[in-house]
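Structure, as structure tokens:
Derivation of every value follows stated rules applied to the coordinates shown; laboratory data play no part. Just so we're clear, the structure is a prediction, and the values are computed from it rather than from any experiment. Cβ atoms come from the backbone with ideal geometry, glycine included; neighbour counts cover every protein chain shown.
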Amino acid sequence: MRLQKIVMKNFKPYREQIEITLNRDCTQANKHIFVIYGDNGFGKTSLLDAIYWGLFGQKARKTQLLFNDKEAKRKKTEMFVELTFYDEVLDRTYVIFRKATKTATSIHETLEVIVNGEAIVGDPLLKQEYIEQYIMPYEISRFFFFDAEDVKTLAREQGGDTVKDSVELLLGLKAIRESIEDMDNVRQDLEKQRKKYLKEEGKLQEIGRKLNEVSEKLELYKKRYENVKAELKSKKEKLSQLRKDLAEFGYEEIKKLAEKRDALELKLKSLTEKKRGDHERN
């Protein structure tokens with residue numbers, strides 16, 4: 001799943017409609033990592049806010065604080081954010097269109113979710129649940145969209161349950177494990193039925209067929225479970241290395257600053273002694 005395009009209007013500093021298209025040549029091999037950089041005050045954080053608000057609305061960002069300052073002074077105005085995602089595995093395109101209309105007394109928010117050109121029908125709550133189930137769970141969003149300053153926070157965390165639960169949720173590990181347990185329960189029930197109807201050949205054949213299907217699915221889920229477990233282990237190792245690299249980077253930066261400070265103090269001391277000597281000679 002990767003973010004392809006962002007379109008927005010009257011959102012914080014972006015007053016006129018603006019469209020940002022991310023590199024379509026990005027492949028799964030290079031992990032879909034995009035870095036947006038620029039000087040302070042040029043809208044980097046606002047772009048991040050637009051993504052969060054587009055995905056999660058009021059749950060992530062307070063809508064009333066997101067209108068462009070000049071537009072917010074008008075009696076009636078509207079802002080919107082449109083996000084386009086593409087899922088390479090399922091070959092599916094998702095378009096999320098969230099709009100807020102502001103009047104003198106109220107703010108009304110609407111949400112549309114379009115999958116491969118077909119709109120999801122239902123109330124906003126249903127559509128929001130669809131986004132968090134199939135596009136981006138809110139609990140793990142901070143591992144995909146974050147300010148550079150948040151890297152230090154992630155690196156300082158020991159991971160533990162927070163990172164583990166989030167990665168498991170992303171990979172579907174919990175769902176696979178629960179599916180295996182459910183399939184085992186179904187198989188046990190079918191075994192009981194098979195014994196009960198052992199003398200009834202017709203029923204026995206049907207139960208046997210179902211048992212084979214369940215067994216095949218169970219084996220498939222077990223293989224998927226092992227594969228995801230291995231992938232989780234690899235990601236945890238990479239996360240550990242990232243923390244280590246960030247810690248070393250921080251140490252080197254502090255060391256350089258300390259050396260620079262010592263050099264300046266030494267220079268200041270030398271200048272002070274020279275000035276004192278000149279004063280005594282005079």
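Highest first, please rank the peptides 105-111, 56-62 by the mean number of other Cβ atoms sitting within 10 Å of their residues. Show your work: numbers first, answer last.
Details: 105-111: 12.3, 56-62: 15.7.
Put in order of decreasing packing, that is 56-62, 105-111.
So how many Å³ per residue does the convex hull of the Cα atoms of the range 2-136 work out to?
117 Å³
Going by how many other beta carbons lie within 10 Å of each one, how would you line up 254, 131, 180, fewest first?
Lowest to highest Cβ neighbour count: 254, 180, 131.
First select every other residue whose beta carbon is under 10 angstrom from the beta carbon of residue 52; then total the charges, Lys and Arg +1, Asp and Glu -1.
Summing Lys and Arg as +1 and Asp and Glu as -1 gives +2.
How would you order 65-73, 273-281 from highest to lowest mean count of nearby Cβ atoms within 10 Å?
Going by the mean number of other Cβ atoms within 10 Å, highest first, we get 65-73, 273-281.
Just grab the label-to-label distance for residue 209 and residue 259, each label 7 Å out from Cα along the Cβ direction, in nm (one decimal).
Here the modelled spin labels are 7.7 nm apart.
Could you tell me which of the pairs 192/223; 192/233; 5/244 are separated by over 30 angstrom between their Cα atoms in the structure shown?
192/233; 5/244
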